[in-house]
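Trainee: I have a structure here, written as structure tokens, and I will follow up with some questions on it.
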Amino acid sequence: MIQHRATAVYEGGVFKPTRPVPIPDGARVELVVSVPLPPGEIDNSPEAVELRRQKVERLRQMYAEFDALDADEPDDGYDPLVEINNDRIRRGARPILPPDGAAS
């Protein structure tokens, strides 16, 4: 199966690509539709919350492994997970930590 990613507008029951796509006219295609959230809106569906929780847990595991490598070095108080979260907030992106900001 060849895959192409395209943005389209749904009008009158028809998906209209916003730019030409390399697919012959009349070709049958399979669509997976993702509707973006309005800017600033966060998907708080149980599935989205669980996916974010899993991603945060994977980051914590990864950083715990990094910390284990540096176990003999003193703790400088820098928490990369908190810094990533703060950077996302500054850029207007969805935070990865709960609103209380607790990384642990």
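Trainee: Only residues in region 73-84 that are under 14 Å from Ile96 (Cα atoms) count as the first member; pair them with residues that are surrounded by 13 or more Cβ atoms within 10 Å (Cβ to Cβ) and among the basic types (Lys, Arg), Cβ under 7 angstrom, at least 6 apart or cross-chain, and list the lot.
Mentor: Matching pairs, first to second residue: Leu81/Arg60.
Trainee: So, of the residues in region 45-104 that are over 24 Å from Ser34 (Cβ atoms), hydrophobic (A, V, I, L, M, F, W, C) and exposed (fewer than 13 other Cβ atoms within 10 Å of the Cβ), which turns out to be modelled with the highest pLDDT?
Mentor: The selected residue is Met62.
Trainee: Within region 45-104, track down each residue that is over 15 Å from the mean Cα position of the chain (by Cα) and of a type in the set (D, E, K, R).
Mentor: Passing the criteria: Arg60, Glu65, Asp67, Asp70, Asp72, Glu73, Asp75, Asp76, Asp79, Glu83, Arg90, Asp100.
Trainee: Looking at region 19-44 only, could you name the residues that are surrounded by 10 or more Cβ atoms within 10 Å (Cβ to Cβ), under 26 Å from His4 (Cβ atoms) and either under 22 Å from the mean Cα position of the chain (by Cα) or of a type in the set (Asp, Glu) (or both)?
Mentor: Leu37, Asp43 - these are the residues of region 19-44 that are surrounded by 10 or more Cβ atoms within 10 Å (Cβ to Cβ), under 26 Å from His4 (Cβ atoms) and either under 22 Å from the mean Cα position of the chain (by Cα) or of a type in the set (Asp, Glu) (or both).
The values are calculated or read from the model by the stated rules, or taken from the named source; none is laboratory data. Remember, predicted model here, so these are calculated numbers, not experimental data. When we count neighbours, we look across all protein chains shown, and the Cβ atoms used for this are built from the backbone with ideal geometry, even at glycine.
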